[in-house]
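Each remark here refers to the structure printed beneath this line.
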Amino acid sequence: MPRTVLATERLILRGALPRDFEPLFLTVFSDAQVMQHLSWGAMNREQASEAFAEAFDFEGTGQRIGVLVERRTDAVVGYAGLKPCDALGDDDLELGFVLQRALWGRGFASEIGRAQLEYGFRTTNRSRLLAQVKPGNAGSVNALRKIGMAFVKEHERPALGTWHVYCREREAHTLLEN
């Protein structure tokens, strides 16, 4: 059984299993509309298999990309997770979320984003958490703003172009909790 990293009212973020590849490929990796705002872009099966093997958290550490499962249906619906990020020149962590289109516009992105902030600040010693988004990805920008992240700067990513960096400081996060 894969280790659960975090859970929300409607989602579970857990370590990846080999059997998660097929539903992710069918509903996320191969969907050009879903992948258009990501560094990978839409992938064929071989590219997706390599990305899945290299980038996903099979141990459930919470420090790499994990699999998102909808609680109500137990279906694999996307991926999310914290990962290292040097966009601001420091040893930061970046949160992220990718959901199949069927869940877009229903608050799932802000739900998992908020949970990643909670998890990240509770389990790491970081003073801030980041997110990177391609300009024009209005849905993700809206979700990041809803969870209190603010635009910091544009960042050039080699071979990937310009991305916008968003940030949430631990201090601001803690003040809102109290």
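The values are calculated or read from the model by the stated rules, or taken from the named source; none is laboratory data. Because the structure is a prediction, the values reported are computed rather than measured. Virtual Cβ from ideal backbone geometry, glycine too; neighbours counted across all protein chains shown.
Yes/no matrix, rows are residues, columns are (1) exposed (fewer than 14 other Cβ atoms within 10 Å of the Cβ); (2) more than 21 Å from G105 (Cα to Cα):
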position	(1), (2)
E9	yes, no
R19	yes, yes
E46	yes, yes
F56	no, yes
Q63	no, yes
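Check whether at least one residue in the range 123-139 is within 20 Å of I12 (Cα to Cα) and surrounded by fewer than 17 Cβ atoms within 10 Å (Cβ to Cβ), and report yes or no.
Taking every residue of the range 123-139 in turn, at least one turns out to be within 20 Å of I12 (Cα to Cα) and surrounded by fewer than 17 Cβ atoms within 10 Å (Cβ to Cβ).
Restricting the range 31-78 to residues that are polar (S, T, N, Q) and modelled with pLDDT of 95 or more, which is farthest from G96 (Cα to Cα)?
Looking at the filtered set, the residue picked out is T73.
Which of the residues spanning the range 32-59 are in contact (Cβ under 8 Å) with a residue 12 or more places away in the chain, assigned to a loop (DSSP other than H, G, I, E, B) and over 21 Å from I112 (Cα atoms)?
A42, M43, N44
Pairs under 7 Å by beta carbon, first residue closer than 13 Å to A55 by Cα in the range 2-24, partner surrounded by 14 or more Cβ atoms within 10 Å (Cβ to Cβ) and of a type in the set (G, A, S), six or more apart or different chains?
Within 7 Å, the pairs are G15/G60; G15/G66; A16/G66; F21/S49.
Results for (1) of a type in the set (A, V, I, L, M, F, W, C); (2) at negative phi; (3) not in a helix (DSSP H, G or I), shown as yes or no for each residue.
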{"site": "D90", "(1), (2), (3)": "no, yes, yes"}
{"site": "L129", "(1), (2), (3)": "yes, yes, yes"}
{"site": "G139", "(1), (2), (3)": "no, yes, no"}
{"site": "A143", "(1), (2), (3)": "yes, yes, no"}
{"site": "G148", "(1), (2), (3)": "no, no, yes"}
{"site": "E154", "(1), (2), (3)": "no, yes, yes"}
{"site": "A159", "(1), (2), (3)": "yes, no, yes"}
{"site": "T162", "(1), (2), (3)": "no, yes, yes"}
{"site": "R168", "(1), (2), (3)": "no, yes, yes"}
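Of everything in the range 123-174, what is under 15 Å from L93 (Cα atoms), charged (D, E, K, R) and over 17 Å from the mean Cα position of the chain (by Cα)? Give them in sequence order.
R126, E169, R170
Scan the range 68-88 for residues that are free of Cβ contacts under 8 Å to residues at least 40 places away in the same chain, touching a strand residue (DSSP E or B) at 6+ places or on another chain (Cβ under 8 Å) and not in a strand (DSSP E or B) and jot them down.
Listed by number, the list holds a single entry, D86.
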